[in-house]
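Trainee: Okay, handing you the structure first.
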Amino acid sequence: MGTPLSAGIKLGPYEILAPIGAGGMGEVYRARDTKLKRDVALKVLPEVFAKDSGRMMRFQREAEVLASLNHANIAQIYGVEERALVMELVDGESPKGPMPFEDAWKIATQIATALEYAHDRGVIHRDLKPANVKVTPDGVVKLLDFGLAKAYSGEPDAVQADPSVSPTLTFGATVAGTIMGGQLADRLRDRLLTFAIAMALSGVAALALFMWHPSLTISVALGFVYVFLNALGRPSYMASLAAVPEEVRGTVLGLNGATASVGWIGAAALGAAMIGSVGFEGFGPLAAALAFAATVGALLNRRRAS
């Protein structure tokens, strides 16, 4: 990541106080705004990365995305100084489970509210994880790190095309798994059978992914396999939507859009219940059960069709 900045160094009017953390986009420091007499968070892009056009594009995009959002549960941006983003300093900790259901519910609903706000404005986070969530001593949740965020538009995402600039290994595995799974699915004729097999195997992969953590390499590999299998089954799902009769297609698609926010709240409630009761590992059996149910449904539908 380059040589860390020492306490006392200044970037414009901001004096470095202490390091906070580091990620794929650079180091984050606690700094003092000598003009407004307040502490801020500085996300500083290392000099070697500042020469990388891809990283600079992501850096600029994060500033633009954050500037377009104004929500109590999303960390604010104050400005850009040289190769640093000047952001709201959030004093707090990332959530850790297991925790009481009431606490998990409060955190999950605030996350869902912030995501709904962002999505309503055409922005998706794309790197949501505990490390990018902070809970203040007052219980207020703040979403951080929109470095991978994407604003919906007709423009191709040049930065996303290069997985090497991803801040996490799992993101690269997700992209590769999605592309490879989708490409393979388009070449298989019996889509219902393909979907059934992919779902059954993804159920097994989910159990391993969520309940077995021997090393980062294996977790990344399992993440790739899980996403690959789900991408393999996705064309069959999309084909089923295309088969909806024209006279009701608008109603069905409209209902899908109208219930999107309800889906986020439902996901938040389910996640809160799961983390509060059995912890992160509980998502393995849940995902597996859903995958196996989808397998049975696809096989029964295939049998009726034949």
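The values are calculated or read from the model by the stated rules, or taken from the named source; none is laboratory data. Since the structure is predicted, the reported quantities are computational estimates derived from the model, not experimental observations. Using ideal geometry, Cβ is built from the backbone for each residue, glycine included, and neighbour counts are taken over all protein chains shown.
Trainee: Restricting attention to region 116-127, which residues are part of a loop (DSSP other than H, G, I, E, B) and surrounded by 17 or more Cβ atoms within 10 Å (Cβ to Cβ)?
Mentor: H125, D127
Trainee: Next question. Please go through region 67-91 and pick out each residue that is among the small types (G, A, S) and more than 17 Å from M57 (Cα to Cα).
Mentor: Within region 67-91, A72, A75 qualify.
Trainee: Given the options P100, P137, P156, P95, name the one that is at pLDDT below 85 and at negative phi.
Mentor: P156
Trainee: Looking only at helices (runs of 4 or more DSSP H) that fall completely inside region 223-306, which ones have 2 or more residues that are within 19 Å of T194 (Cβ to Cβ), of a type in the set (G, A, S) and at pLDDT 75 or above?
Mentor: Details: elements: 246-258, 260-277, 283-305.
Once the helices (runs of 4 or more DSSP H) in region 223-306 are filtered for at least 2 residues that are within 19 Å of T194 (Cβ to Cβ), of a type in the set (G, A, S) and at pLDDT 75 or above, what remains is 283-305.
Trainee: Could you check how many residues of region 86-101 are over 13 Å from G139 (Cβ atoms) and acidic (D, E)?
Mentor: Qualifying residue count for the region: 1.
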